[in-house]
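Trainee: Handing you a structure now.
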Amino acid sequence: MLEPSVDNLLKKIDSKYAIVTIAAKRARELHEKENHMLEQPTSKKLVGVALEEILDEKLAIKQQD
């Protein structure tokens, strides 16, 4: 089973497309400068770390009016 699971991520952010966009942007940011928001990320890949940050509510969608 993949961790974090899509079902758990969808409880935090209700759009699969938003999850992918946020994770990709965050992974790109992590690639440029290693500034993890987690103390011990379990994933070795940057996209996985970004998804873990979403699950731990370190990242979220900023709503525009």
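Trainee: Can you list the GluC sites (Glu not before Pro) in the chain that are in a DSSP coil and have 10 or fewer other beta carbons within 10 angstrom?
Mentor: GLU34, GLU39, GLU57
Trainee: What label, among [x] 3.6; [y] 4.7; [z] 6.6, belongs to mean projected area of the Cα convex hull in nm² computed from the structure on display?
Mentor: [y]
Trainee: Could you grab the relative contact order for the chain? Cα pairs under 8 Å, six or more apart, rounded to a whole percent.
Mentor: It rounds to 41 percent for the chain.
Trainee: In the chain, which longest range has no trypsin sites (Lys or Arg not before Pro) that are both DSSP loop (not H, G, I, E or B) and surrounded by at most 15 other Cβ atoms within 10 Å?
Mentor: Value returned for the longest uninterrupted segment is 1-32.
We did not get these values from a lab; they are worked out from the coordinates using the rules stated. Everything numeric in this text was worked out from a predicted model, so none of it was measured. Cβ coordinates were reconstructed from backbone atoms using ideal geometry, including for glycine residues, and neighbour counts include every protein chain displayed.
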